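Here the structure is laid out as structure tokens; the discussion comes afterwards.
The values are calculated or read from the model by the stated rules, or taken from the named source; none is laboratory data. Everything numeric in this text was worked out from a predicted model, so none of it was measured. Glycine also receives a Cβ, built like all others from the backbone with ideal geometry; neighbour counts cover every protein chain displayed. Side chains included, ligands, DNA and RNA excluded: accessible areas come from the protein's heavy atoms. Shrake-Rupley method; radii C 1.70, N 1.55, O 1.52, S 1.80 Å.
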Amino acid sequence: MINSLRGFRDLLPPESDLFTRIEAAAREVFGLYGYQELRIPTIEKKELFVKSTGETTDIVEKEMYAFTDGGGREVALRPEGTPGAVRAYIEHNLGQTGRNGKYFYIGSMFRAERPQAGRFREFTQIGAEHIGNPSPAADAESISMLVRLLEKAGVGGCSVVINSLGCAECRKTYRQILLDHLRLNAAALCEPCKGRIERNPLRALDCKIDGPALAEKAPRLSLCPACAAHFSRTQELLKISGVEFQVNPGLVRGLDYYTSTVFEVRSGALGSQDAVCGGGRYDDLVKSMGGPAAPAIGWAVGVDRMAMLLKDQPAPDSAPKTFIVAASKEAGDKAFALVTSMRAAGISSDFSNFELSLKSQMRSADKSGASFALIIGEDELKAGACAIKSLKAHGEQQTVPLPDAPSTIKQLLKG
Ligand code: HAM
């Protein structure tokens, strides 16, 4: 017996149904907001993530599934979707040829993190990227679309936290102030932070060990007038769209490309891995990856975590409506034709094995959760009919001509 790898899991029904439901809700919401789907590769050149997600981030330093492929190429399983989306945007010149710069993707991401509740090594993200719009309205639209998606999927009890990390200019000044503080207090920092403060002092703010203390003691970033105006307009527009949020100056996010507005959605019901969604602006990324100057904003929700929040809700009934049973091998032909015509009429239907005993087929019918068994026995075969038996209630059994079976079932399902 070969088991699955640690941190990788099989999604089985009914949990897999939850994923389908969440993804369907997302597609509906994306349609309302004019987003189109990008299907991008799962494997990319490793340097794509090193350059965009950031060399000094935990994701790239510690968590990436990177390897040399058979052709000697350095590749990586995508740990997140934004770098691939941006690469595709640039590679296919979507700024010129695309409709509105609004794209979504749904798929597996891979991070070799220590597995725990809500943290997997392969997990599903639904991501949205809006590339090419610098306006605060794009920020407010992106965040309110996210809230709409959570509502549509039935995920409640979440809080939205936002902050602004300012532009490159704001951060240049701040970097030096923070670096001075970190150098003075280096002795108190964890080993990884000591190693990277010179390369990327901002990362220390997001460190799981040092971050909380630094959020209290380290000097805060102050925004330039343009960034302050952008952030306050974003908040006004969020209020207009009815989104409740809190501003948390300690929110820095763990990826290097963020500028200006950043946000997370959290749920207390999730325990220590409480982030359902993370996102923000990345106004400089597209240009730094070799594309046009295209300010952008986006986010990604963790579908596994959304599913955890939904798992106690009653699942929609996915049982077939009818289960077809044949009492003899000869009746099997008619029964197979009946399954086909039921499904063609839009009635979900199933069967087991027409060569087994009637008793065994009826057991499968019960197990399937179907509402009705349609039985073709010897008498029905001669009459060109089928018997309809309710499996849920002790209703009367009735016999109908085979061509009338779909319309009769539709009537019975209505009543
Ligand atoms: P992120 O915050 O790294 O952002 O991930 C987004 C969400 O993915 C998290 O809030 C969480 O729900 C889920 N997630 C992350 N790691 C795991 C894991 N190991 N197991 C289960 N779920 C996980 C990004 O990935 C950015 N690309 C978001 C973005 C898009 N920013 C701009 N555009």
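One table, with the values for the structure above:
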quantity	calculated
Qualifying positions in the stretch 288-308 - open to solvent by 20 Å² or more (accessible area, probe 1.4 Å) and either away from the ligand (no atom under 16 Å from the Cβ) or within 13 Å of the chain's Cα centre (by Cα) (or both)	Gly290, Pro292, Ala293, Arg305, Met308
Which listed residue is of a type in the set (A, V, I, L, M, F, W, C), within 16 Å of the ligand (Cβ to nearest atom) and either assigned by TED's automatic domain parsing to the domain that holds Asp58 or within 21 Å of Val147 (Cα to Cα) (or both), from Leu205, Leu255	Leu255
Among the candidates Ala293, Ala228, residue that is outside any strand (DSSP E or B) and under 20 Å from Leu205 (Cβ atoms)	Ala228
Flag for Lys359 being surrounded by 13 or more Cβ atoms within 10 Å (Cβ to Cβ), basic (Lys, Arg) and at pLDDT 95 or above	no
Yes/no for Leu189 being of a type outside the set (Phe, Trp, Tyr), modelled with pLDDT of 90 or more and out of contact with any Asp or Glu (no Cβ under 9 Å at 6 or more places or on another chain)	no
Those residues of the stretch 340-364 which are farther than 15 Å from Leu391 by Cβ and of a type in the set (Ser, Thr, Tyr), in sequence order	Thr340, Ser341, Ser357, Ser360
Test: residue in the stretch 332-340 that is open to solvent by 40 Å² or more (accessible area, probe 1.4 Å), within 36 Å of the chain's Cα centre (by Cα) and within 21 Å of Asp317 (Cα to Cα)	no
Residue match in the stretch 265-276 (condition: within 9 Å of the ligand (Cβ to nearest atom), assigned to a strand (DSSP E or B) and either of a type in the set (Val, Ile, Thr) or outside the structural domain of Pro136 (by TED's automatic domain parsing) (or both))	yes
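Here's the yes/no breakdown for (1) touching a Leu at 6+ places or on another chain (Cβ under 7 Å); (2) of a type outside the set (Asp, Glu); (3) more than 10 Å from the ligand (Cβ to nearest atom):
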residue	(1), (2), (3)
Lys51	no, yes, yes
Glu61	no, no, yes
Gly72	no, yes, yes
Ala76	no, yes, yes
Gly81	no, yes, no
Asn93	no, yes, yes
Pro115	no, yes, no
Ala128	no, yes, no
Met145	no, yes, yes
